[in-house]
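Chemist: Below is one structure. I have some questions about it.
The values are calculated or read from the model by the stated rules, or taken from the named source; none is laboratory data. Note that the structure is predicted; figures quoted are calculated from it, not measured. Virtual Cβ from ideal backbone geometry, glycine too; neighbours counted across all protein chains shown.
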């Protein structure tokens, strides 16, 4: 979800990523910042995102994250996997009274 958010929205800081995911999910996903920053560190270690210091909208120093080429390739793989899995789930949910 973080890779897709960064790919769609461009560079964001951790708090911005968490808030955007909450907004897009209509508050279904409630992310605490500890979880987000742990995920960002893992993604950065994988080489899927890069970080750069900048000023936030309220002029505070913040680390902004963006996807790398490797991250975009990973996003494509994960999207393909998710589409395949969600297709299977959709078909299973359509089964009615078949024995």
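Chemist: Assuming residue 72 fulfils every condition listed in (1) in a helix (DSSP H, G or I); (2) at pLDDT below 95 apart from one, which condition is it?
Modeler: (2)
Chemist: If I filter the range 31-62 down to residues being exposed (fewer than 15 other Cβ atoms within 10 Å of the Cβ), touching a helix residue (DSSP H, G or I) at 6+ places or on another chain (Cβ under 9 Å) and under 23 Å from residue 75 (Cβ atoms), which single residue comes out as modelled with the lowest pLDDT?
Modeler: 33
Chemist: Please go through the range 20-56 and give me each residue that is touching a strand residue (DSSP E or B) at 6+ places or on another chain (Cβ under 9 Å) and farther than 25 Å from residue 70 by Cβ, ordered by number.
Modeler: Result: 55, 56.
Chemist: Based on what the data block shows, is residue 66 in contact (Cβ under 8 Å) with a residue 40 or more places away in the chain, surrounded by 14 or more Cβ atoms within 10 Å (Cβ to Cβ), closer than 23 Å to residue 33 by Cα and in contact with a helix residue (DSSP H, G or I) (Cβ under 7 Å, 6 or more places away or on another chain)?
Modeler: yes
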